[in-house]
Amino acid sequence: MKIIAALLLFVLVSFLLNSGNGIQAFTTHSINSGATAKQPYRTSYHFQPQENWMNDPNGPMYYKGVYHLFYQHNPEAATFGDRIVWGHSVSYDLINWIHLNNAIEPSGPYDINSCWSGSATIIPGKEEPMILYTGIDDKKHQVQNLAVPRNLSDTFLREWVKHSQNPVMTPPSGVEVDNFRDPSTAWQGKDGKWRVVVGAQNGDEGKAILYQSEDFVSWKVDPNPFYASQNTGVCECPDFFPVYINGSTNGVETSLQNPSVKHVLKISYLRKQHDYYFLGNYASDQGNFIPDVRFTGTSSDLRYDYGKFYASKSFFENAKNRRILWGWVNESDSTQDDIQKGWAGLQTIPRQVWLDKSGKRLVQWPLEEVEQLRGKHIRITRENLEHGSNLEVSGITASQADVEVLFELPELEKAEFLDPNGVDPQLLCSQEYAARSGTIGPFGLLALASKDLKEHTAVFFRIYRAPNGYVSLMCSDQSRSSLRHDLDKTTYGSILDIDPNLKTISLRSLIDHSIVESFGDEGRVCITSRVYPSLAIDKDAHLYVFNYGSQSVVVSELNAWSMKQAEIGYEGNISYT
Ligand code: DQQ
């Protein structure tokens, strides 16, 4: 009897000691559990709240060694609602996240019907973060409010206090009261005054309205719009920042103005549900922005991402001197599916963003921090892909992977002719789908593919000879991504001018159960897709590299990694050592 009692005591003591040591014992059910048999579409290394609805990234910033991400969140349901709050999570590396309590919730007459999107600005010298956000007030008008941290010495800035003078901006004349929202990060002019832009609408005209302030509390509207576009409807989530023109990948602090930079204005057009950006000149004296090329509403407009990606926001991080971009990726299944899943909405893997050396477009690349999740590695080199080749990349978890491939191209003169003027790449991608043979291409990856290929998401290129050189068409084709019918399977695409001497073209895809984020030509074209396979789930997912063009292409090098799960969970339940 004594022996049995001693044994039981030993087991109990070891259990208590072990669980006390390894935080793991407490964490398992609170950490983002990733995809499971019941939840095959839950991601494993993309940012998601534990449950319910998430949309826009808000107020991202880096403050005293900690990254903050706030986000539009409905804590009550997996659908958008009429009491939206600011969710709040913090991280030391932008990949593993600690969820905190909501930072900003409806409370006063100036935000009682929701706390919508906004941005953070860190006041230099005082090193004090300020948040400007949109409140839906008691009359359902949109107003801008200010919130500051309660305690600057709290490492995670858990509590935010709303300013007594809220609202600090109300809809000015010439702006609809229910279309005045999403204040940008502020920048400081040479006169020391702060400036922000707020998205707006008047009739069919979309606008970004400029405000100025000396103290961040009293804001004066500029009567002339900072930017306006006709027949577009509302401009949401404007983001305005400088980029270096010398091809440097470094980011630029938001207030910097000198001849070494050019400016970027990003507008999220609600009607299009896409994020468009404009390169141009900031005429600081006149208080407006003059885009090099105006918005046309056609596929020639520049976009951050040609797939599912909206309401993005960037911030400058001084520790690594880079500009980091977050974007919201919505679901492509039905609201009913979201309710069943209990969640909806992802954020992309944060991307570093800079101006291409051509000066004509931005380049985006997943932050280097994501590489810490790379596990098992497979490498393929010098593999000739003849017409009809379909080579499996085996040995990694194809449902949770990072793949980089460099294709060596045949002689470009052999390419078919295409006049890209007036061509809609998205339409072309759905006509020239992956399985249809061309001359140079289609070649690329089949991600989240079932063994029999009945399901696959094809991310691929085709190269064409154009009137003034060569172009590449990059597509992400969801049409065969799932046997399920109740999904948005729009095929996405974009056309890019390429150097006539181009010998290789690169593709990287981050695959995470229901998302495929792809970066073509070293990040000059990005396409994000949401897919919900019914067969190609977990261990039944496969990855192939293929070529259905009549000309052979060579896989000069392919590296693929299984990706580990990121640690994303509630405070107190994760160990960060
Ligand atoms: N989402 C917010 C608005 C913003 C829109 C509401 C963009 O502030 O205009 O959740 O997705």
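Would you check if there is a residue in region 152-163 being open to solvent by 30 Å² or more (accessible area, probe 1.4 Å), touching a Cys at 6+ places or on another chain (Cβ under 8 Å) and either more than 16 Å from residue 47 (Cα to Cα) or within 16 Å of the ligand (Cβ to nearest atom) (or both)?
No, region 152-163 contains no residue that is open to solvent by 30 Å² or more (accessible area, probe 1.4 Å), touching a Cys at 6+ places or on another chain (Cβ under 8 Å) and either more than 16 Å from residue 47 (Cα to Cα) or within 16 Å of the ligand (Cβ to nearest atom) (or both).
What number of residues in region 108-137 are assigned to a loop (DSSP other than H, G, I, E, B) and away from the ligand (no atom under 16 Å from the Cβ)?
6
Looking at region 184-195, is at least one residue under 26 Å from residue 328 (Cα atoms), within 14 Å of the ligand (Cβ to nearest atom) and assigned by TED's automatic domain parsing to the domain that holds residue 81?
Checked against the condition, which is being under 26 Å from residue 328 (Cα atoms), within 14 Å of the ligand (Cβ to nearest atom) and assigned by TED's automatic domain parsing to the domain that holds residue 81, region 184-195 yields at least one hit.
Go through the residues of region 429-437 one by one and say whether even a single one is open to solvent by 40 Å² or more (accessible area, probe 1.4 Å), farther than 21 Å from residue 395 by Cβ, among the polar types (S, T, N, Q) and not in a loop (DSSP other than H, G, I, E, B).
yes
For region 441-457, which positions are assigned to a loop (DSSP other than H, G, I, E, B) and either open to solvent by 10 Å² or more (accessible area, probe 1.4 Å) or in contact with an Asp or Glu (Cβ under 8 Å, 6 or more places away or on another chain) (or both)?
Scanning region 441-457 gives 442, 450, 451, 452, 453, 454, 456.
So which residues in region 202-227 are open to solvent by less than 20 Å² (accessible area, probe 1.4 Å), out of contact with any Pro (no Cβ under 9 Å at 6 or more places or on another chain) and small (Gly, Ala, Ser)?
Scanning region 202-227 gives 206, 213.
Give me the pairs, please: first residue somewhere in region 229-241 and hydroxyl-bearing (Ser, Thr, Tyr), second residue anywhere and in a strand (DSSP E or B), beta-carbon distance under 6 Å, and either six or more positions apart or on two chains.
Listed by first residue and then by second, the contacts come to 229/206; 232/206; 232/269.
Of all residues in region 458-486, count the ones that are part of a strand (DSSP E or B) and closer than 19 Å to residue 416 by Cβ.
16
Could you tell me how many of the residues in region 338-386 are within 21 Å of residue 313 (Cα to Cα) and among the aromatic types (Phe, Trp, Tyr)?
The qualifying residues number 2.
Tally up the residues in region 535-552 that are open to solvent by 50 Å² or more (accessible area, probe 1.4 Å) and outside any helix (DSSP H, G or I), please.
Summing the residues that are open to solvent by 50 Å² or more (accessible area, probe 1.4 Å) and outside any helix (DSSP H, G or I) in region 535-552 gives 2.
Out of everything in region 278-291 that is part of a loop (DSSP other than H, G, I, E, B) and open to solvent by 90 Å² or more (accessible area, probe 1.4 Å), what residue ends up being farthest from the ligand (Cβ to nearest atom)?
So the residue we want is 285.
Given 185, 232, which one is modelled with pLDDT of 95 or more, open to solvent by 20 Å² or more (accessible area, probe 1.4 Å) and under 18 Å from residue 289 (Cβ atoms)?
It is 185.
Looking only at region 235-267, filter to residues that are open to solvent by 50 Å² or more (accessible area, probe 1.4 Å) and over 23 Å from the mean Cα position of the chain (by Cα); which one of those is nearest to the ligand (Cβ to nearest atom)?
256
Only residues that are of a type in the set (A, V, I, L, M) and more than 25 Å from residue 548 (Cα to Cα): list them for region 358-399, please.
Once the filter is applied, which keeps residues that are of a type in the set (A, V, I, L, M) and more than 25 Å from residue 548 (Cα to Cα), region 358-399 yields 362, 363, 367, 370, 373.
Tell me yes or no: at least one residue of region 357-364 is farther than 17 Å from residue 528 by Cα and either crowded, with 19+ Cβ neighbours inside 10 Å or among the hydrophobic types (A, V, I, L, M, F, W, C) (or both).
Scanning region 357-364 turns up no residue that is farther than 17 Å from residue 528 by Cα and either crowded, with 19+ Cβ neighbours inside 10 Å or among the hydrophobic types (A, V, I, L, M, F, W, C) (or both).
The values are calculated or read from the model by the stated rules, or taken from the named source; none is laboratory data. From a predicted model like this one, the values you see are computed outputs, not experimental measurements. Heads up, the Cβs are rebuilt from the backbone with ideal geometry, glycines too, and the neighbour counts pull from every protein chain shown. Just the protein is used for accessible areas: all its heavy atoms, side chains included, with ligands, DNA and RNA removed. Shrake-Rupley method; radii C 1.70, N 1.55, O 1.52, S 1.80 Å.
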